[in-house]
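Notes for the one structure printed next.
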Amino acid sequence: MTMLVTTPTAFAKSLAKLPPLHDTRTTARAAFLVAPDANELATESARDNRYMRMDRGFDGTRALAQHAALARALRADVPVVTFPGDPVTPDAMFPNNVFATAPGRFIVARMRHPVRRREAERGDIRRFFREVLHYEEIDLSRGDRGVAELTGSLVIDHARGVGYCGLSERCDMDGARAMHDAFGLRLMFCFELAAGEYHTNVVIASLAGRAVVLAPDGFADPAVPRTIANAFDDHVLWLSPEQKRAYAANAITLSSERVWMSTRASASLDDAQRTALAEWGFVVGAVELDEIEKAGGSLRCCVGEIF
């Protein structure tokens, strides 16, 4: 049984009916990155990404060094594959919006902006998953309806097979339905993001299914984050607007014991929040990404998961 719901009440009722999953992976087996290879930011993306810092100079060499340090750090938890970048796709260092996986499946997004649609044409990345990992390719980019920016717009709780999909200019209902099927989710909760928010993964992070990070001001309906909190038995790291802007929700668990986020995001956490993470069994891993964050994304956006 699979379901897509659009109200907090329907989600709570549907979640209560889901039988538990057994012997399922809650974190990825490996990760893939795409190295930055541009000395400017994507002006198209800045149209609906208010987190981008177009007023500041972008140092591509420094971004590349920070990205390499990120890859080295993540190898403490999983194998990491880094693909080369391309100067004509300056947003490619955020591959999780364009490419994603489910067990045995490789999914290609339908992106909103042409500059990002070019990323979806990467033949080497497609061949890696098709011919090296032998994954089935599910290509949403070829469709003529919907926008579906994968795990930018969709945050997945793999412990329950549940997806949280924020609707915005980067994802509409047609795209949400396509992702629900492509990822093989049991339940998807679709909701409107607050005005000005572009991706769900800057307002939500699922931490290995045991806890959740929520920025309540990122949702159009305040009942939505409260309902999501209930789904995680109130194991919630509630973020202030300032912490959200510091990318504290743009975090990822690649093992069951560690939460990865940028140095800026980690520094924004207070003592009570760090204590809560420790009580839930997580340490914080932090990597300096301030140059990359000028492009409007942070650590989670840099990481594609291989399940």
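The table below lists the values:
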{"item": "Positive-pole candidate from ALA92, PHE189, LEU64, dipole of the chain, charges at beta carbon", "result": "PHE189"}
{"item": "Length-normalised contact order for the chain - Cα pairs under 8 Å, 6+ apart - percent", "result": "24"}
{"item": "Proximal lysines relative to LYS294, as straight alpha-carbon distance under 23 Å, when same-chain residues fewer than 8 apart are discounted", "result": "LYS244"}
{"item": "Binned Cα-Cα distance frequencies in the range 2-156 - 10 Å width, integer %", "result": "9, 32, 35, 19, 5, 0"}
{"item": "Answer label, with Rg/Rh (Cα atoms, Kirkwood Rh) calculated from the coordinates and candidates (1) 0.96; (2) 1.01; (3) 0.93", "result": "(3)"}
{"item": "About the Cα centre, charge dipole magnitude for the range 242-289 (Lys/Arg +1, Asp/Glu -1 at Cβ), debye", "result": "180"}
{"item": "For the range 169-278, size of Cβ-based charge dipole, Lys and Arg +1, Asp and Glu -1, in debye", "result": "320"}
{"item": "Listed residues THR24, THR82, THR101, most fluctuating in the chain (Gaussian network, C-alpha, under 10 Å)", "result": "THR24"}
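FYI, it's all coordinate maths here, none of it is from the lab. Since this is a predicted model, take the numbers as computed values, not measurements. Note that each Cβ is placed from the backbone with ideal geometry, even for glycine, and that neighbours are counted across all protein chains shown.
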